[in-house]
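Taking it in order: structure first as structure tokens, then the write-up.
Read-outs: derived from the displayed coordinates by stated rules, not from any lab. Predicted model only: the values in this text are computed from it and were never measured. Don't worry about glycine lacking a Cβ; one is built from the backbone with ideal geometry, like all the others, and counts go over all protein chains shown.
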Amino acid sequence: MVQYLARLVPSSQLTMKYVLQDAADRLGFADADIRDVPWHVLQPGHITGLVAALRADGYAPNTSSLYVNALRGVMNEAWRLSLIDQDHLLKMRSVKPAAGTRLSQGRNLKRTLIRELMDVCAADPRPQGLRDAAVIAILYGSGMRKSESVNLELSQIDFSERSLQVTGKGNKQLIKYAPAWAFEKLNAWLAYRREHLGEGEQDDSFLFNRIRRGSHITRERITKHAIYYIARQRGTQVGVKIMPHDFRRSFITRVIEEHDLSIAQKLAHHTNIQTTANYDVRDDNERRRAVDRYDL
């Protein structure tokens with residue numbers, strides 16, 4: 001299990017630790033640390049039972065896949081360590097997660113709503129106003145994931161080309177692009193941060209800082225949870241429930257809308273174009289209007 005987690009990027013490690021702990025609890029190891037669970041003794045029936053339990057508890061098929069993939073990853077490491085043979089590994093990998101899909105719960109954030117979010121940030125006299133505007137602008141303007149945004153380094157930004165080099169899923173280095181207005185918000189935040197450095201202090205290597213009460217800008221990087229809080233807080237101010245991934249969904253939807261699916265796939269850095277298509281969250285009214293235009 002330790003070797004499996006070590007192969008993941010830090011943001012995925014936290015998710016999979018939770019998944020494996022919940023799986024261990026459901027498999028009868030509730031009192032054990034996940035590092036002490038004898039994962040290699042599990043049989044195909046255990047995974048089949050876990051999938052059935054998740055289905056009974058109302059978990060979505062994608063969540064079931066996450067659990068099964070985590071256990072497959074652990075069993076792959078058990079095989080590499082010679083704790084199980086290949087026949088056992090193949091039997092474990094043959095168990096499938098729950099089939100099916102669910103309608104996206106994501107929201108398509110229109111340009112008018114993004115402008116409203118920029119306005120509420122601009123009205124905030126605290127440094128959080130500038131920082132949050134920059135965070136939202138980069139997420140919506142480039143379509144990057146929240147984990148990618150919190151790990152961004154200044155050295156990875158080309159301000160003249162308006163490009164951002166990120167490390168995405170699968171430890172892949174990717175180049176994202178953002179529009180001029182998004183970089184204006186980012187530059188405004190960075191300029192403010194530099195103005196408030198102490199004499200002789202060097203600028204931070206990362207983009208977004210944690211800000212404590214009293215508007216104290218710390219020298220600490222914000223976390224994924226902070227991105228979640230920013231999205232929810234600013235969304236509440238404009239009367240809309242917003243999740244961080246909605247910015248990525250909206251970016252991809254807008255590219256599909258204004259260009260085509262192929263361009264959206266390239267900008268989203270999806271291997272499978274169907275994954276990109278699943279991000280299309282245009283609402284029922286837009287789909288209905290598309291059908292209504294097919295007159296005789």
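Helix 44-56 and the long axis of the chain differ in direction by around 50°, with both axes built from C-alpha atoms.
Between the alpha-carbon centers of the stretch 164-182 and the stretch 118-136, tell me the distance in whole angstrom. So the separation of the two Cα centres works out to 22 Å.
Working note: Karplus 6.51/-1.76/1.60 with θ = phi - 60° gives the stretch 131-137 the couplings 5, 5, 4, 5, 4, 5, 4 Hz, where Gly and Pro are set to x.
Using alpha-carbon pairs under 8 Å, 6+ residues apart, how would you state the relative contact order of the stretch 2-93 in percent?
Values: 55 pairs, mean separation 28.6, N = 92.
With pairs under 8 Å counted, the relative contact order is 31 percent.
With neighbour counts taken as other beta-carbon atoms within 10 Å, the residues Arg35, Arg221, Arg145 rank, fewest first, as Arg35, Arg221, Arg145. Against the chain, whose longest principal axis comes from its Cα atoms, helix 10-26 is set at around 40 degrees. Across the chain, C-alpha contacts under 8 Å between residues 6 or more apart give a mean separation that, scaled by the residue count, equals a relative contact order of 16 percent. When only alpha carbons are used to place a centre, the stretch 242-265 and the stretch 48-70 end up 28 Å from one another. Among Glu148, Glu184, Glu161, a tally of other beta-carbon atoms within 10 Å of each Cβ gives an order, fewest to most, of Glu161, Glu184, Glu148. When the listed pairs Lys110/Lys241; Lys169/Lys241; Lys176/Lys266; Lys224/Lys266; Lys17/Lys224; Lys96/Lys266 are checked against a 18 Å cut-off, the alpha-carbon distance exceeds it for Lys169/Lys241; Lys224/Lys266; Lys96/Lys266. Peptides 196-204, 223-231 ranked from most to least packed, by the mean per-residue count of other Cβ atoms within 10 Å: 223-231, 196-204. Couplings 3J(HN,Hα) for the stretch 200-213, derived from phi with the Karplus relation 6.51 cos²θ - 1.76 cosθ + 1.60 (θ = phi - 60°), are x, 7, 8, 5, 5, 7, 9, 8, 10, 9, 6, 10, 8, 4 Hz, where x marks Gly and Pro. Checking (1) 39; (2) 24; (3) 34 against the coordinates, the calculated percent of Cα pairs over 32 Å apart falls under label (1). Cβ-to-Cβ counts within 10 Å put Arg248, Arg111, Arg93 in ascending order as Arg111, Arg93, Arg248, the fewest first.
Taking 16 Å as the straight-line reach from the Cα of Lys91, the aspartates and glutamates in range (excluding those fewer than 8 positions away in the same chain) are Glu77.
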